Amino acid sequence: MKTKPRESWNPGAFPTWWINQTSRMLLKEFEQHLRQLDLGPAYIPVLQALDDEGPLTQRELAERANVEQPTMAALLGRMTRDGLIALRAHPDDRRARLVSLTPMARKRLPLGRALLIEVAERATHGFTKAECTTLVSLLQRMITNLEGPAGTEE
């Protein structure tokens, strides 16, 4: 019986490989830059949501950051320890607490944003505005594809 020769797999031929490499490098850069403010990349979606919307519950923050509740609980624990958020009783739900930014977080957030913008601009140096727009659009489509039926998230 003759077997079909195996195709060699070349991961570098797939955009997903390059996206993964880029993501890893960006995360490393973000971590290095944010470390000087005692912030972590995982803090940014929470800080941003609270800055944009005001006090939110853990459940709402988990939805905004697209993480599970236990992950958000651990993150909020670290952020409380670091003095970035404050928790208070929810006025309408005794089981829930509202999370809000501390003055320290309000002071650090603009600096953190500036550092992240610096990294993003370095990463896209030489790209035209149209290329950046196209790249964002393509990456959003990939996310939509992965969230769809074939890659259904639970």
Handout entry: At 1.567 mPa s and 4 °C, Stokes D of the chain from Kirkwood alpha-carbon radius, µm² per second
Key = 70 µm²/s
Handout entry: Karplus 3J(HN,Hα) series, Hz, for the stretch 89-102 with 6.51 cos²θ - 1.76 cosθ + 1.60 (x for Gly, Pro)
Key = 4, 6, x, 10, 9, 5, 7, 9, 10, 8, 9, 9, 6, 8
Exercise for the section: Leaving out ligands and nucleic acids, note down the accessible area per residue over the stretch 1-100 with a 1.4 angstrom probe, in whole Å². Expected result: 74 Å²
Exercise for the section: Report the full-extension gain for the segment residue 106 to residue 135: residue separation times 0.36 nm, less the Cα-Cα distance, to one decimal in nm. Expected result: 7.3 nm
Exercise for the section: Note down the relative contact order for the chain as a percent, whole number, built from C-alpha pairs under 8 angstrom at least six residues apart. Expected result: 20 percent
Handout entry: Counted charge near residue 29, where neighbours are those whose Cβ lies closer than 15 Å (Asp, Glu -1; Lys, Arg +1)
Key = +2
Exercise for the section: Please report, as a whole percent, how much of the solvent-accessible surface of the chain comes from carbon and sulfur atoms (probe radius 1.4 Å). Expected result: 56 percent
Practice task
Calculate the dipole size of the chain relative to its Cα centre from +1 charges on Lys and Arg beta carbons and -1 charges on Asp and Glu beta carbons; express the result in debye to the nearest 20.
Solution key: 380 debye
Fill in the blank from the handout: residue 94 and residue 36 label points (each 7 Å along its Cα→Cβ direction) are spaced in nm at 4.9 nm
Completion exercise
If one builds a Gaussian network model of the chain from Cα atoms under 10 Å apart, the most fluctuating residue listed among 41, 15, 55 is 15
Practice task
Quick one: what are the phi-derived ³J(HN,Hα) couplings along the stretch 10-21, Karplus 6.51/-1.76/1.60 with θ = phi - 60°, whole Hz, x for glycine and proline?
Solution key: 10, x, x, 7, 9, x, 4, 5, 5, 5, 4, 4
Practice task
Report the accessible area of residue 16, computed with a 1.4 Å probe over the heavy atoms of all protein chains in place, in Å² rounded to the nearest 10.
Solution key: 80 Å²
Problem - Rg/Rg_ref, the stretch 1-82, where Rg_ref = 2.2 N^0.38 Å and atoms are Cα - result: 1.66
Practice task
Filter the GluC sites (Glu not before Pro) in the stretch 47-108 down to the DSSP loop ones having no more than 14 other Cβ atoms within 10 Å, then list what survives.
Solution key: 68
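The values are calculated or read from the model by the stated rules, or taken from the named source; none is laboratory data. Predicted model, so just to flag it, every value in this text is computed and none were measured. Here Cβ is always computed from backbone atoms with ideal geometry, including for glycine, and neighbour counts include all displayed protein chains. Accessible surface areas use protein heavy atoms only, side chains included; no ligands, DNA or RNA. Shrake-Rupley method; radii C 1.70, N 1.55, O 1.52, S 1.80 Å.
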